[in-house]
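What follows is calculated from the coordinates using simple rules that are stated; it is not laboratory data. Note that the structure is predicted; figures quoted are calculated from it, not measured. Here Cβ is always computed from backbone atoms with ideal geometry, including for glycine, and neighbour counts include all displayed protein chains.
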């Protein structure tokens, strides 16, 4: 019961009304609303916080806790890139390295109304739940299983920026998130260890601070 209550607290702290990592809704100059950005950023930071605290589910039990797990902030350039990728099914994803993209395709009825919470949440959960379905069993937390690709990008400890967008064509909806640093094959998805408690615990980037997650300055 205590663990369940703690998880709720973690989520609540990352789903506030005024979040400092949300970009002003007008700065990106795109079709994406502030509500859309906040939903996606909150979801990512909630997952990352649960991982850092050792609260995120694995296929069996929980994933190990993370040190140097950084919070992610919205980035307008990554959002624009995500929109390009979503609109071009032949986009060369290798060309954006070291960035990485998660892509989800969905088919709907011809005249469907786009529901941000329903459609985007389904995509985010699909990526997040890969680890629950297939499991991370590598003792060093290495990314060496293709079935964890989307989760690995979402949970990659060094990520500090994301940008997402969508493209609708007829009955099809493509949703894309681009991460500033993609998970590397045969490298740790995130560092194993206790979550940060002081600024000195955050060492991946200089002058980082700790606020439940590490924060890059």
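Tabulated data for the structure shown
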item: Separation in nanometres of the label points that stand 7 Å from Cα toward Cβ, at residue 97 and residue 133; result: 2.6 nm
item: Segment 126-173: radius of gyration over Cα atoms, expressed as a fraction of 2.2 N^0.38 Å; result: 1.43
item: Sequence ranges 66-75, 29-38, 126-135, ranked by mean other-Cβ count within 10 angstrom, highest first; result: 66-75, 126-135, 29-38
item: Burial ordering of 190, 205, fewest other beta-carbon atoms within 10 Å first; result: 205, 190
item: Fully extended contour minus Cα-Cα distance, from residue 62 to residue 118, at 0.36 nm per residue; result: 17.5 nm
item: Stretch gain in nm, segment residue 126-residue 203, where the contour uses 0.36 nm per residue and the Cα spacing is subtracted; result: 24.6 nm
